[in-house]
Ligand code: SF4
């Protein structure tokens, strides 16, 4: 991997694109461009960057500007908090660092609006500090280079890649980081990587296995909706109540224990029974959490001895429930419980 790093640095030094913020290694220039590039393509950023630098040529100009002027120059880039944070950070640099951009990674990272990637980019490009800068482009290149299937949307994967890159970081850390980013931006493209032009093709395991277009792996974790259910485990003599799920789309046409989609306390349950024209006696409680693909049910079941059969339900023996009725997994723990307590 160290050889890969050397090749990459050499390739970057010979092939880097001329960009307005690459004319020098002024941290103010690198900082502004990196924040702008977080949300916009390079071609559009060029104009924004030039206008911004004309109005605010240095940290002091930005720190002392009117906020509305900063926001105006940001217009069209969106995420206005980033512009506000730029100005806040400029004011901190003025007050705490005498107007001189901090040189240490940790100091840079502590400024508003600067995350690990931007801090790593500034520290390595401007101060040659041993820091990595891992963004989506870098992750893509690394996962392809190593033919790794891990999910890049997991923070632990990004952390591991950062640690592995730290191990091979050459003295030219800035050029190495920029080389990786540049390769991701112009050669190792997301859908159509230009492998024939790639300076590190002979080391690339995805190229060898022809898996490059399926990498990196990105699996989004869905935020599942949680619902609370109160489940009525009604029994009368040797029979229990079941209801049929013919109205719902989830678990449609299966059998269940009667339930409502809300949390109910004992008092509410007794009133509910009254509305069904029965009296009941709560004798036990059981909980179950069931995870579906898109939602989670937090279910609380109440064992209730009733003095009559509620006619809207189907009353069956436990044996029949087990053998003749399809009761989905979400309700199975309640059936097991009933079998246990009525032994
Ligand atoms: S060979 Fe292709 S897939 Fe591998 S790093 Fe180069 S451009 Fe990316």
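The values are calculated or read from the model by the stated rules, or taken from the named source; none is laboratory data. Not measured: the values here are computed from a predicted model. Here Cβ is always computed from backbone atoms with ideal geometry, including for glycine, and neighbour counts include all displayed protein chains.
You will find that of 180, 233, the residue that is assigned by TED's automatic domain parsing to the domain that holds residue 308, buried (at least 21 other Cβ atoms within 10 Å of the Cβ) and either more than 8 Å from the ligand (Cβ to nearest atom) or modelled with pLDDT of 95 or more (or both) is 233 and no other. Suppose we filter segment 272-322 for residues that are in contact (Cβ under 8 Å) with a residue 60 or more places away in the chain, within 44 Å of the chain's Cα centre (by Cα) and within 22 Å of residue 343 (Cβ to Cβ); how many remain? Qualifying residue count for the region: 5. The combined condition, being in contact with a strand residue (DSSP E or B) (Cβ under 9 Å, 6 or more places away or on another chain) and surrounded by fewer than 18 Cβ atoms within 10 Å (Cβ to Cβ), is not fulfilled by residue 96. From the set of residues in segment 65-99 that are free of Cβ contacts under 8 Å to residues at least 24 places away in the same chain and not in a helix (DSSP H, G or I), which is farthest from residue 38 (Cα to Cα)? Going through the qualifying residues, I end up with 98.
Quickly run through segment 134-155 and pick out the residues that are assigned to a helix (DSSP H, G or I) and at pLDDT 95 or above.
Step one: list which residues in segment 134-155 are assigned to a helix (DSSP H, G or I), which gives 136-145, 155.
Across segment 134-155, the qualifying residues are 138, 139, 140, 141, 142, 143, 144, 145.
Exactly one of (1) within 25 Å of the chain's Cα centre (by Cα); (2) under 25 Å from residue 17 (Cβ atoms); (3) surrounded by fewer than 19 Cβ atoms within 10 Å (Cβ to Cβ) is unmet by residue 43. Its number? Here residue 43 clears every test but (1).
Just the residues that are surrounded by fewer than 20 Cβ atoms within 10 Å (Cβ to Cβ) and near the ligand (Cβ under 8 Å from one of its atoms), please, taken from segment 183-198. Hits for segment 183-198 are 187, 189, 194, 195, 197.
As for segment 5-14, it holds no residue that is in the same structural domain as residue 145 (by TED's automatic domain parsing), farther than 19 Å from residue 134 by Cα, touching a residue at least 60 places away in the same chain (Cβ under 8 Å) and not in a helix (DSSP H, G or I). Looking only at segment 210-230, how many residues end up being more than 10 Å from the ligand (Cβ to nearest atom) and in contact (Cβ under 8 Å) with a residue 60 or more places away in the chain? Going through segment 210-230 one residue at a time, the tally reaches 14. Does residue 34 qualify as being assigned by TED's automatic domain parsing to the domain that holds residue 162 and touching a residue at least 12 places away in the same chain (Cβ under 8 Å)? Taking the combined requirement at face value, the residue satisfies it.
Kindly check whether there is at least one residue in segment 78-85 that is more than 30 Å from the chain's Cα centre (by Cα) and crowded, with 21+ Cβ neighbours inside 10 Å.
Start the filter on segment 78-85 by keeping residues that are more than 30 Å from the chain's Cα centre (by Cα), which leaves none.
Scanning segment 78-85 turns up no residue that is more than 30 Å from the chain's Cα centre (by Cα) and crowded, with 21+ Cβ neighbours inside 10 Å.
Restrict the check to segment 115-134 and report whether at least one residue is within 16 Å of the ligand (Cβ to nearest atom) and assigned by TED's automatic domain parsing to the domain that holds residue 73. Checked against the condition, which is being within 16 Å of the ligand (Cβ to nearest atom) and assigned by TED's automatic domain parsing to the domain that holds residue 73, segment 115-134 yields at least one hit.
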